[in-house]
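Have a look at the structure below, then the notes.
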Amino acid sequence: MHAPDAIALTAFGLAALAWVLALLADLLMGTVLPRWLLALGCALAAVGTLWGLPGGSAGQAVLQLGADPVIFRPDAAALWLMLPALLPAFFAALRGGTRHTRGWAAGAALSLLGAMGVYGLQDGAGFLIAWEVMGFGGALMLLAEHRSVQAGHDNLFMLALLEVGGVALLLAVLMLGPRLAFGTYAQQWATWGVAPAIVLGLLWLVGFGAKLGLLPFYEWYPGAYGSGSGSTGALMSGIVLNAAYFALGRALLQWMGNPPWLAGFGVVVLAAGTFTAILAILYAFQQNDWRRLLAFSSAENAGVAVTALGAALIFRASGQGMLSGLAWTVGMLHLMGHSLAKGNLFLAADSAAALQGNHHLRQSAILRHAPLTLGLGAVFAAMSLAAMPPTAGFVSEWYLFQTLFHDFTLKGDGSRIALALAGAGLALTAAIALATMVKLFGVGLLGQNEEHSAQHQKHQTELTVLQRISVLATGLAVPVFAVTLVWWLPLMQQAAWPAANAARQMTHGWLLVPLSAGFAFISPAMLVLAVPLLALLPLGLVWGRRRFAVRRAPLWCGGEDYAAHAGATTALSFSNAMRVFYNFVYRPHNAVARQFEGKPYFLKELQFSYSQAPVFGALLFTPAVRMVQWLARRLRFLQNGLMNAYLAYIGILLVLVFGLVLVWTPPA
């Protein structure tokens, strides 16, 4: 084993040890020590990732299960997806778990351990265990932060949908036979007929899609994320989400091969990603809570990445290996940048909540009471999620559109039409995402409603040093990611499945190009150099302000100065036009409650509430819950409390097991 590989595996082992110690310390002690151990583990994992890049780490047997060893070997794609997500995870570990003494750090440790297993384990059994540990850790974090009946319902809903995905993954592993090593999956899959092979591909899509939030699974996102803190959201939308995307890409690009039906399956994946992105961002735009808005936005960005994966499958089916590698690399870049930006905004959400007392999106003059670090860090993250230059989100979405524009290289009309429609859907998604981030930053941070700003005196008056540094560091990492891309993007060649040369041809000097500079190009690095020239105009305005007096007038609101605060833009008023236009999707509901004092014409209080109906709730989840409840009522007699009945159940089960042994012959 080479020295870099040995250092990388040692660092990963120490990171796992630190997380295990954090788990034990949180359960036994409940002090600040678990959070420091979590952060130490993230730092060690980052060291292992850097030493393992650019080609991936060598394999190391972790333990022996039967005849096959359990091997930990993260490849290049896993390391690239892990590296940027570890920065917000580091700060989330330090900031999380402050509401309750115990529980949160243990859940975070389980999530990080499970994610590391998903990234590196090379057998089906170990992978399934790591997958379940990762999901259970997220639920434990959420329950530790918000212990209420509604939070319990939201967590059970999340776990139920994740278990649907877990069952799909279990069935997929069982279908591939007794040999659990990942190295045998591609060979086994290639020998199957069309129908079982397609079913296996759909099982992988459903299993990993439950964690990624593909439709209809994205509906667990707002409730679960909304019951936790921003630190929990930074972990779940970063390193955990990237792990699920890596696992899906490995299954479809490395194991599926290139069967005759690959183009059609790629269209299914493309459609799932595109519709998920559209629906998720539509609902994100209507949220009035930081965490719920960012949760839907996470599902939207996962859908964008899955759209890139679907395009990679379509290009691969047409023999366009370079374009397939381009599309997969673009999907990775998108989630790498997303993990930085979304982690920043989740941490900024906690900072805003510390100043105003809750996570509501409202005009509370947060930036007036917060230091410059909050606004500077959050604006770069919001720009990235709005795909504005020169940030990571702009680069990845530009790359994705250029990839889809290569549909003219395909021979089949169906695939070309699918890519064109996906491009149109992503254009709609990008436009709504821009409006959503303007709403988040404008209403949530820039708004200066004097009535709400006075409430800051009742809460935290200033941010701690850790809160300032975490938002600033993760925010500045977003443009740095995009500007430095021209230097480190060629190093991703080992991760550009299936064509290693695709990553090398995505840069041309200081330019970013979609395989060819003659097709299109951009240069965030050059743009950053030109920004000071663009700043001459606002500097001139500032200079002119000293020579000419600026007249200030109160906000006009119906001609009444004293009611100026009533004209402030709210979260609802900002997005209500879209709510009305897409009412066939939202199916909005408004409710008004009036309280009178004495006579019915003396209005004392007016309460207005509004909501949007979920797309799949009434159509899918509610009938499923009713069916489960009906079955539970019908099968209630099985739990009758009689010992003889339970012994009879065990006897019947033993007879079935013995009968199966007699009639079933294992394959050679």
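Phi-derived couplings, Karplus 6.51 cos²θ - 1.76 cosθ + 1.60 at θ = phi - 60°, listed residue by residue for the range 348-361: 5, 4, 5, 5, 5, 5, 5, 8, 10, x, 7, 9, 5, 8 Hz, with x used for Gly and Pro. Rounded to the nearest whole Hz, the Karplus-based 3J(HN,Hα) values (6.51 cos²θ - 1.76 cosθ + 1.60, θ = phi - 60°) of the range 466-478 follow the sequence 5, 5, 5, 5, 4, 5, 5, 5, 5, x, 5, 5, 5, with x at glycine and proline.
Taking amide H as placed 1.01 Å from N in the peptide plane, the amide H of Leu121 sits under 5 Å from that of Arg73, each at least 5 places away or on another chain.
If you take the alpha carbon atoms of the chain and fit the smallest convex hull around them, that volume is 211 Å³ per residue.
Using a/c under 1.5 as the rounded threshold, could you call the range 77-184 rounded, prolate or oblate? The axes a ≥ b ≥ c are square roots of the C-alpha gyration tensor eigenvalues, and prolate needs a/b larger than b/c, oblate otherwise. Cα axes put the range 77-184 in the oblate bin. Derived value for the range 189-310: Kirkwood hydrodynamic radius 14.8 Å. Basis is the mean of 1/r over every pair of different alpha-carbon atoms. Of all lysines in the structure, the ones whose alpha carbon falls short of 22 Å from that of Lys211, not counting any fewer than 8 places away in one chain, are Lys342.
Which angle between 0 and 90 degrees, to the nearest 10, do you get for helix 622-634 versus the longest principal axis of the chain when only C-alpha atoms count? Tilt of helix 622-634: around 50 degrees. For the range 411-424, putting each phi into the Karplus relation 6.51 cos²θ - 1.76 cosθ + 1.60 with θ = phi - 60° gives couplings of 8, x, 5, x, 5, 5, 5, 4, 5, 5, 5, 5, x, 5 Hz, in residue order, rounded to whole numbers and with x for Gly and Pro. Per residue of the chain, the DSSP helices (runs of n ≥ 4 H) give a summed -39500 (n - 2.57) that works out to -21000 deg cm²/dmol at 222 nm. Going by alpha carbons, how many degrees (0 to 90, nearest 10) lie between the helix axis of 3-28 and the longest principal axis of the chain? For helix 3-28, the angle is close to 70 degrees.
For Val70, the residues whose amide H sits under 5 Å from its own are Val62, Leu63, Gln64, Leu65, ignoring neighbours fewer than 5 places away on the same chain, with H placed 1.01 Å from N.
Under the Kirkwood approximation for Rh and a Cα-based Rg, what ratio Rg/Rh is obtained for the range 471-557? Rg divided by Rh gives 1.26.
Bear in mind these aren't lab numbers, they're just calculated from the coordinates by the rules spelled out. Fair warning: this is a prediction, and the values are worked out from it, not measured in the lab.
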